[in-house]
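Structure record follows, encoded as structure tokens.
The values are calculated or read from the model by the stated rules, or taken from the named source; none is laboratory data. Because the structure is predicted, anything quoted here is derived from the model rather than measured. Methodologically, a virtual Cβ is constructed for each residue, glycine included, from the backbone with ideal geometry; neighbour enumeration extends over all protein chains shown.
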Amino acid sequence: VRKKYIEKLATVSQYACQRRTTTENNNKIFTDAFEVLVEIYEFNEIEGPCLAFRRAASVLKSLPWAVQCLGDTHNLPCLGEHTKAIMEEILQYGRSFEVEKILSDERYQTLKLFTSVFGVGPKTAEKWYRRGLRSFSEILADRSIRLNRMQQSGFQHYGDISRAVSKAEALALRNIIDEAVHAITPDAVLALTGGFRRGKEFGHDVDFIVTTTEMGKEEGLLPRIIDKLTKEGILLYCDYQASTFDISKLPSRRFEAMDHFAKCFLILRLEDSQVGGGLHIAEGDIRGWRAVRVDLVSPPMDRYAFALLGWSGSRQFERDLRRFARMERHMLLDNHALYDKTKKEFLAATTEKDIFAHLGLEYIEPWQRNA
Ligand code: DCP
Ligand code: MG
């Protein structure tokens, strides 16, 4: 397979949306190293190399074989000098000294620890680090720090929400949300998105789209779901953001900007009895429940396909879809819409396939989007 593939290397696209990437990663030794570099460049706010290592990791993830020598990468896109130097170290010594130096660095370790708390981004983490704080207990003991509500919940449920969510837990949550939305309206539409839609066995949260087939009826849906979950006693945290969606606006060029649909970031209480095969918790944990992070987003039905495509990820797949649309098709794509700049018109879509077709792309299944 490897030989045949290498002969055809010229066919590997620089865009993740033109590659098929399953959850099986044959080049984890390299991509794990690249991901550490992505993190440190992110902490240091150096965009160029950050993007370069993201793209390099994504290309290697798409290969159905393991790279065995630098010659194997000869015709692959997105692999620069620095990337190849790291790969060479790994091929030669089984590890990268540059990466190991970062991993043992106090600032990296501290920022990594702090940003692992729900509600703590790189800016806040850096601020705490500069104050000389190095541990959670030091943060919690510092009386000059005022944690916001999200961070308070982040610390309160840290053990649970820093632990991976299993597929069985995600499916149990789908049942709970499904029951809640259908009790509110019979024409409810619910879709599991994010990593679990891509076939991942574990995730850091569970993402859903909830809406109604009748346009406009989705307004007020999330508050009613939240109300229902509160009455059931399973809502541990809720941050609700009302819709700011404006149909006349052109798709955004900033990927990292949140979309404008109504959404909520939740922490839910999941009971052991609700999960087929039981909760994914530590051995010896006898509480019988765990906390799980859940995101709900609620687009109007005519935007369903765009929202589904946008929330199914991976993040790199989404970035490259937008970049491909802009660079290769002179179109603007985001979670709300697709706009053709040449024709100066919006292109409607009812399914993800419609969007791929508008972009002149072969359809890529969700489980092939693990770029
Ligand atoms: N997303 C987005 N805009 C944001 C955040 C997310 O468009 N501001 C999209 C892209 C992501 C998807 O939603 O792929 C889900 O986000 P997650 O962070 O939950 O990522 P995954 O579900 O892919 O991974 P994990 O298993 O870590 O949850
Ligand atoms: Mg997710």
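Check G310 against each of (1) assigned to a loop (DSSP other than H, G, I, E, B); (2) within 24 Å of R174 (Cβ to Cβ); (3) within 16 Å of ligand 1 (Cβ to nearest atom); (4) of a type outside the set (K, R) and name the one condition it does not meet. In the conditions (1) assigned to a loop (DSSP other than H, G, I, E, B); (2) within 24 Å of R174 (Cβ to Cβ); (3) within 16 Å of ligand 1 (Cβ to nearest atom); (4) of a type outside the set (K, R), G310 misses (1) alone.
When the stretch 38-79 is filtered for residues that are closer than 19 Å to L111 by Cα and in contact with a Pro (Cβ under 7 Å, 6 or more places away or on another chain), the ones remaining, listed by number, are Y41, E42, F43.
For the condition among the aromatic types (F, W, Y) and at pLDDT below 95, what is the one hit in F255, F265?
Working: F265 fails: at pLDDT below 95.
After ruling out the rest, the residue left standing is F255.
Selection of the stretch 266-285 for residues being within 14 Å of ligand 1 (Cβ to nearest atom) and either closer than 22 Å to R319 by Cα or part of a loop (DSSP other than H, G, I, E, B) (or both) yields only H280. The set of residues in the stretch 208-232 being within 12 Å of V181 (Cβ to Cβ), touching a residue at least 60 places away in the same chain (Cβ under 8 Å) and of a type outside the set (S, T, N, Q) consists of F208, I209, V210, E218, L221, L222, I225. Taken together, F317, F324, F306 contain a single residue that is within 14 Å of ligand 2 (Cβ to nearest atom) and either farther than 18 Å from F196 by Cβ or within 19 Å of the chain's Cα centre (by Cα) (or both), which is F317.
Beta carbons closer than 9 Å, at least 6 apart along the sequence or on distinct chains, pair a first residue in the stretch 11-28 that is surrounded by 17 or more Cβ atoms within 10 Å (Cβ to Cβ) with a second that is in a helix (DSSP H, G or I) and small (G, A, S) for A16/S58; C17/A325; R19/S58; T21/S58; N27/A57. If we scan the stretch 169-188, do we find a residue that is in contact with an Asp or Glu (Cβ under 9 Å, 6 or more places away or on another chain), farther than 17 Å from W311 by Cα and within 16 Å of ligand 2 (Cβ to nearest atom)? Yes, the stretch 169-188 contains a residue that is in contact with an Asp or Glu (Cβ under 9 Å, 6 or more places away or on another chain), farther than 17 Å from W311 by Cα and within 16 Å of ligand 2 (Cβ to nearest atom).
Only residues that are of a type in the set (D, E) and near ligand 1 (Cβ under 10 Å from one of its atoms) were counted across the stretch 202-226, and they come to 2.
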